[in-house]
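Engineer: The structure follows.
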Amino acid sequence: MVSQRLFFALWPSTRVRDELSALAQASAPGEGHRHNPDDLHMTLVFLGQVTASQFQCIEKVADNIQVDPFELTINHTGFWPRQKIFWAAPDHTPVQLERLAEHLNDGLRDCGFEPEQRAYKPHVTLYRKARHVSPTRLATSISWQAREFVLASSTHSGSSATRYQVLRRWALENDSNTG
């Protein structure tokens, strides 16, 4: 049986994806599961299992998001030992990224979702089930021009690895950028 879970995310361009993938490969924590380069992303809001009526509601929420495009500077890596996750992230979270996650969470309440209680920590997971990896500063930062956000699905079937698929994209823009 195939199960599908949904989440909103920033999806990197091919260039950013390639740079993140090269960083993951160069960092090689020795064990663990490196994310497929095509699956690298920065989660904004995790939704979990979604009903058909919730799906329509979450699309309406995303349709109403008005946030300017922004630049992310991925400049360090880190490790969460409890979750055994090796990740890359920016030192500074752009205010537009904070607003995007906040507006999605606020709107999704009307769709029956409870917002995450923990503070939003933007990151890109490079490895799962990794051994300890020391945090590092990147010699060369990765510049990510965030121009859109996506709704994606997480699919896991049997013994195969979890894979992600973009279901829909929304451009980042506000009233001053339209029409």
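The values are calculated or read from the model by the stated rules, or taken from the named source; none is laboratory data. Everything numeric here is computed off the predicted structure, so don't read it as measured data. Because the Cβ atoms are built from the backbone with ideal geometry, glycine has one as well, and the counts that use them run over all protein chains shown.
Engineer: Residue check: is residue 131 out of contact with any Leu (no Cβ under 7 Å at 6 or more places or on another chain) and charged (D, E, K, R)?
Structural biologist: Here the answer is yes, as residue 131 does meet what is asked.
Engineer: Looking at region 1-30, I want the residues that are within 22 Å of residue 156 (Cβ to Cβ) and polar (S, T, N, Q) and have a partner that is modelled with pLDDT of 90 or more and in a strand (DSSP E or B) with Cβ atoms under 8 Å, at least 6 apart or on another chain. Which pairs are those?
Structural biologist: Filtered contacts from region 1-30: 4/153.
Engineer: Select, from 77, 136, the only residue that is among the polar types (S, T, N, Q), at pLDDT 90 or above and under 29 Å from residue 156 (Cα atoms).
Structural biologist: The conditions single out 77.
Engineer: Further question: Quick one: residue 52 ticks every box in (1) at pLDDT 95 or above; (2) more than 23 Å from residue 14 (Cα to Cα) bar one, so which box is it?
Structural biologist: Of everything listed in (1) at pLDDT 95 or above; (2) more than 23 Å from residue 14 (Cα to Cα), residue 52 misses just condition (1).
Engineer: Against the conditions (1) of a type outside the set (Ser, Thr, Tyr); (2) in a helix (DSSP H, G or I); (3) out of contact with any Asp or Glu (no Cβ under 8 Å at 6 or more places or on another chain), where does residue 57 fall short? Just the number, please.
Structural biologist: Checking residue 57 against (1) of a type outside the set (Ser, Thr, Tyr); (2) in a helix (DSSP H, G or I); (3) out of contact with any Asp or Glu (no Cβ under 8 Å at 6 or more places or on another chain), the one that fails is (3).
Engineer: Would you be able to say whether some residue in region 9-32 is closer than 21 Å to residue 163 by Cα, surrounded by 15 or more Cβ atoms within 10 Å (Cβ to Cβ), among the hydroxyl-bearing types (Ser, Thr, Tyr) and in contact with a strand residue (DSSP E or B) (Cβ under 7 Å, 6 or more places away or on another chain)?
Structural biologist: So far as region 9-32 goes, no, none of its residues is closer than 21 Å to residue 163 by Cα, surrounded by 15 or more Cβ atoms within 10 Å (Cβ to Cβ), among the hydroxyl-bearing types (Ser, Thr, Tyr) and in contact with a strand residue (DSSP E or B) (Cβ under 7 Å, 6 or more places away or on another chain).
Engineer: Ok, one more. Find the strands (runs of 3 or more DSSP E) located wholly in region 73-155 whose residues include 1 or more that are small (Gly, Ala, Ser) and more than 18 Å from residue 35 (Cα to Cα), and list them.
Structural biologist: 136-146
Engineer: What single numbered condition from (1) over 20 Å from residue 55 (Cβ atoms); (2) modelled with pLDDT under 85 fails to hold for residue 115?
Structural biologist: Only one criterion in (1) over 20 Å from residue 55 (Cβ atoms); (2) modelled with pLDDT under 85 is unmet by residue 115, namely (1).
Engineer: Quick check on my filter: what residues within region 36-46 are at pLDDT below 95 and touching a strand residue (DSSP E or B) at 6+ places or on another chain (Cβ under 6 Å)?
Structural biologist: 39, 46
Engineer: Considering every residue within region 151-165, establish whether at least one is touching a strand residue (DSSP E or B) at 6+ places or on another chain (Cβ under 7 Å), more than 18 Å from residue 45 (Cβ to Cβ) and at pLDDT 95 or above.
Structural biologist: No, that holds for no residue.
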